[in-house]
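Undergrad: Just passing along the structure, written as structure tokens.
The values are calculated or read from the model by the stated rules, or taken from the named source; none is laboratory data. In this text the structure is predicted, and so the values were computed from the model without any measurement. Please note: Cβ atoms are built from the backbone with ideal geometry, for glycine as well, and neighbour counts cover all protein chains shown. Surface areas here come from the heavy atoms of the whole protein model, side chains and all, with no ligands, DNA or RNA. Shrake-Rupley method; radii C 1.70, N 1.55, O 1.52, S 1.80 Å.
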Amino acid sequence: MIILDLPRIVADATATGLTVATAESLTGGMVAAALVEVPGASAMLQGGIIAYQNVLKSSILGVNAELLESTGAVDPEVAREMALGACRVAGARVGVSTTGVAGPEPHGGKSVGSVYIGIALDGVAQAYEYHFAGIRSAVRQQACDEALSLLQQVVSQVREQNP
């Protein structure tokens, strides 16, 4: 298990000139808010987009509207497209996205705790699937923590490649 180190994420991203943007649905800005708690985050965080509604996922982030219509927002491809959209909109090399069902009720055929987190680096994005337990606030916090953990892994990898 990786121990989350927000100051290290900011320092490593800054040292390598890595810029970051977020596209958040499920977490509603929690990922960006966690990063800006760290002094110096302005050197790496370009910004964040809270796209809670599908119309914003499509119109601002460029998520395929037909994909949203056919799969709903809680989908790995949606998470990938959101992360890429964050990069495009903010001019960042790294994009992090969150989409999922926090509850208390299932949504679009997906159970409470179903989460996808997207991470993009230099135009290539991946999505990761999670099934978190707990009440709404716990699901959202776990998703935020996992998104930051994935960001930490990407930033560390870039830092190791560019000592």
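Undergrad: Is it true that some residue in region 137-153 is among the polar types (S, T, N, Q), crowded, with 17+ Cβ neighbours inside 10 Å and touching a helix residue (DSSP H, G or I) at 6+ places or on another chain (Cβ under 6 Å)?
TA: yes
Undergrad: Does at least one position in region 6-16 carry a residue that is charged (D, E, K, R) and exposed (fewer than 15 other Cβ atoms within 10 Å of the Cβ)?
TA: no
Undergrad: Which is under 12 Å from residue 23 (Cα atoms), touching a Lys or Arg at 6+ places or on another chain (Cβ under 6 Å) and not in a loop (DSSP other than H, G, I, E, B), of 118, 95, 85, 48?
TA: Working: 95 fails: touching a Lys or Arg at 6+ places or on another chain (Cβ under 6 Å); 85 fails: touching a Lys or Arg at 6+ places or on another chain (Cβ under 6 Å); 48 fails: touching a Lys or Arg at 6+ places or on another chain (Cβ under 6 Å).
Checking each option against the conditions leaves just 118.
Undergrad: If you check every pair at least six apart or on different chains, which have Cβ atoms under 9 Å apart with a residue in region 69-86 that is free of Cβ contacts under 8 Å to residues at least 12 places away in the same chain first and a residue that is part of a helix (DSSP H, G or I) and hydrophobic (A, V, I, L, M, F, W, C) second?
TA: 71/78
Undergrad: Is it true that residue 90 is at pLDDT 95 or above, farther than 24 Å from residue 136 by Cα and surrounded by fewer than 24 Cβ atoms within 10 Å (Cβ to Cβ)? Outline the logic, then answer.
TA: Numbers: at pLDDT 95 or above: yes; farther than 24 Å from residue 136 by Cα: yes; surrounded by fewer than 24 Cβ atoms within 10 Å (Cβ to Cβ): yes.
So residue 90 fits the description; yes.
Undergrad: Closer than 17 Å to residue 126 by Cβ and touching a helix residue (DSSP H, G or I) at 6+ places or on another chain (Cβ under 8 Å), is that true of residue 74?
TA: Working: closer than 17 Å to residue 126 by Cβ: yes; touching a helix residue (DSSP H, G or I) at 6+ places or on another chain (Cβ under 8 Å): no.
Against the criterion (closer than 17 Å to residue 126 by Cβ and touching a helix residue (DSSP H, G or I) at 6+ places or on another chain (Cβ under 8 Å)), residue 74 does not qualify.
Undergrad: Would you call residue 44 over 20 Å from residue 157 (Cβ atoms) and surrounded by 14 or more Cβ atoms within 10 Å (Cβ to Cβ)?
TA: Spelling it out, it is not the case that residue 44 is over 20 Å from residue 157 (Cβ atoms) and surrounded by 14 or more Cβ atoms within 10 Å (Cβ to Cβ).
Undergrad: Then there is this: Return only the number of the condition from (1) within 25 Å of residue 8 (Cα to Cα); (2) buried (at least 16 other Cβ atoms within 10 Å of the Cβ); (3) touching a Ser or Thr at 6+ places or on another chain (Cβ under 9 Å) that residue 75 does not satisfy.
TA: (1)
Undergrad: List the residue pairs whose Cβ atoms are under 9 Å apart, where the first residue sits in region 8-24 and is at positive phi, the second is modelled with pLDDT under 95, and the two are 6 or more positions apart or on different chains.
TA: 17/162
Undergrad: Separate question: Kindly indicate whether residue 55 is without any contact (Cβ under 8 Å) to a residue 60 or more places away in the chain, on the phi < 0 side of the Ramachandran plot and either open to solvent by 60 Å² or more (accessible area, probe 1.4 Å) or not in a loop (DSSP other than H, G, I, E, B) (or both).
TA: yes
Undergrad: Do we find that residue 120 is surrounded by 16 or more Cβ atoms within 10 Å (Cβ to Cβ), in contact with a Leu (Cβ under 6 Å, 6 or more places away or on another chain) and of a type in the set (Gly, Ala, Ser) in this structure? Before you say what the answer is, go through the steps one by one.
TA: Numbers: surrounded by 16 or more Cβ atoms within 10 Å (Cβ to Cβ): yes; in contact with a Leu (Cβ under 6 Å, 6 or more places away or on another chain): yes; of a type in the set (Gly, Ala, Ser): yes.
Yes; evaluated as a whole, the condition is true for this residue.
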